[in-house]
Each structure stands twice: as structure tokens, then as C-alpha cells.
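These notes are about the structure you will find just below.
Throughout, read-outs are computed from the coordinates displayed, never taken from laboratory work. Keep in mind the model is a prediction, meaning the values are calculated, not measured. Heads up, the Cβs are rebuilt from the backbone with ideal geometry, glycines too, and the neighbour counts pull from every protein chain shown.
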Amino acid sequence: MKQMNSYIDSVFSNEDDLLEEVVSSISGAKHVLEIGALGGYSGICLARGFGKEGTLTSLELKKEYAELAHSNLTKAGFGDQVTYMTGAALQSLEQLVKSDKRFDFFFIDADKGNYEQYLTHCIELAKPGAVIVADNVLAGGSVADQKAAPRRHTEVMRTFNKTVAQHPQLESLLIPIGDGMTVSKVKK
Ligand SMILES: C[S@@+](CC[C@H](N)C(=O)[O-])C[C@H]1O[C@@H](n2cnc3c(N)ncnc32)[C@H](O)[C@@H]1O
């Protein structure tokens, strides 16, 4: 697994960085929800995928990270197309569900212990055919290695990956580049 990742990284130097942009662009998404903004790196990738006409709603626990991300998206030319909701993402998701908002692309990249709940809310907020991407699902490759000492998120990610693979409302695959991303289509 490690060998395979090193090979992919050596040939496609920043493939995992581009993945969010490529997948959101191929899916034709215009209204994107991101969970976990940090400095806005993934936000810029997602915005490049939807271009001038899309919107990004980004959920971030810390106000200072949301401000940093907003300033970086502004530098990248997307400042007017992004809205930040600060505080615990679970609360923001509940608010969005109540307000009848719907999205066609989701990027889950915050606290791993809540991934299952984030997935459930994303499905509630999804337009038919929407795409849900979750990052870091290989937990450094540890999910596939029964002999390795478990890392912090090994069991959480094993369980999450099973849920995604078996979910009756999703058609899913796992792309093993970077730290692994699940890509799921919400059935119409
Ligand atoms: C891995 S970083 C996100 C990186 C970003 N998506 C990128 O690729 O540029 C995870 C982010 O999730 C945020 N976070 C952690 N727990 C959260 C929670 N309960 N609700 C919302 N955001 C949370 C952290 O503050 C951090 O900024």
C-alpha cells in the first residue's frame, strides 16, 4: 500500500491536491458544502472546480481559521462566492437542514469521529445525484493493515468506510491516493 502511494505520488506529484477540483468540476456541481476550512486550501480547489457561477458554504469550528480561509479565497478571486458558518459543524448542519438548503457537492474534512454523522446530514442536504467526498479515509494506510499498531483514527475510518460502501442511498468508491478519499453519489 505504502509502495503504491509512493509510486502514485512520484508520478502524479500533486494528484491528491487536484482531486477535489477535478471531481467537483466533472460532477458539474454549483453549490458546494465543505466541512473543515482551515486555511482555505480545499476551498480554493473546490471553487476552481465550479468557477464563476458556483457557491461554497464552508463550516469551520474556529473563527480565526474561517477568517484566514476567507482572506485566502478572496485573494484567489472567490471571496464573494463563499459563506462561512463558524462553530461546531453538527449544529451548522442542523441549521442548514432546517432552512431547506440543498447542495450538489460535499467535502468532509473535519474531526474524524463525527464523519458518520456528517455523512448522514450531507445525505439529508443532497440534491438527487449529488456527490459526497470524504478525506483521510485510509488513516495513513492503517485501515488495511491488521498487523500495524492502530493509529488514532484507524477504527473510526474502518467503520466509516464500511458504512459508505454498504449505504443503501449511496454508490461509492474509494480512491487510494493521498490519504484516501471516498467518493459517493447519492442515488436519485
Ligand atoms: C484537516 S483540517 C481542514 C483542511 C481543509 N479542508 C483543507 O484541505 O484545506 C480540519 C478542520 O476542521 C476543523 N474542525 C475540527 N472539528 C470541527 C468541528 N466539530 N466542526 C467544524 N470544524 C471542525 C478544524 O478547525 C480544521 O480547520
**OP:** Would you compute, from DSSP H runs of 4+ residues alone, the mean residue ellipticity of the chain at 222 nm, taking -39500 (n - 2.57) per run and dividing by the full residue count, rounded to the nearest 500?
**Re:** -13000 deg cm²/dmol
Original post:
Which of G43, G140, H70 sits farthest toward the positive end of the charge dipole of the chain, with +1 on the Cβ of Lys and Arg and -1 on the Cβ of Asp and Glu?
Top reply: G140
Original post:
Non-local amide H neighbours of L59 (under 5 Å, H modeled in plane, Pro and chain starts lacking H): which ones?
Top reply: E34, I35, G36, M85
**OP:** Excluding residues fewer than 8 places away in the same chain, name every one of the aspartates and glutamates whose C-alpha is closer than 15 Å to that of K147.
**Re:** E155
Original post:
For the stretch 116-157 and the stretch 35-60, what is the separation of their Cα centres, given in Å?
Top reply: 20 Å
Original post:
Which of the peptides 143-151, 91-99 is most tightly packed, and how do the rest follow, judged by the mean count of other Cβ atoms within 10 Å per residue?
Top reply: 91-99, 143-151
Subject >> the chain, relative contact order in percent, only Cα pairs under 8 angstrom and at least six apart counted >> reply: 19 percent
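Could the peptides 28-36, 123-131, 161-169 be put in order, highest first, of the mean number of other beta-carbon atoms found within 10 Å of their residues?
Output ranking for 28-36, 123-131, 161-169: 28-36, 123-131, 161-169.
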**OP:** Neighbouring Cβ atoms within 10 Å as the yardstick, rank V82, V22 fewest first.
**Re:** V22, V82
Subject >> Residues S6, S24, sorted so that the one with the fewest Cβ neighbours within 10 Å comes first >> reply: S6, S24
**OP:** Anything over 22 Å Cα to Cα? Flag those among K112/K185; K30/K62; K101/K188; K30/K188, in the order listed.
**Re:** K30/K62
Subject >> Overall form of the stretch 120-188 per C-alpha gyration tensor (a/c, 1.5; a/b vs b/c) >> reply: prolate
**OP:** List the extent of the Cα atoms of the chain along each of their three principal axes, largest first, rounded to whole Å.
**Re:** 47, 35, 32
Original post:
Placing +1 at every Lys and Arg Cβ and -1 at every Asp and Glu Cβ, with all other atoms neutral, what dipole size does the chain have around its Cα centre, in debye to the nearest 20?
Top reply: 380 debye
**OP:** Restricting to the chain, compute how many DSSP beta bridges are antiparallel as a %, nearest 5.
**Re:** 35 percent
Subject >> Anchor K127: aspartates and glutamates whose Cα lies under 12 Å away (excluding residues fewer than 8 positions away in-chain) >> reply: D100, D104
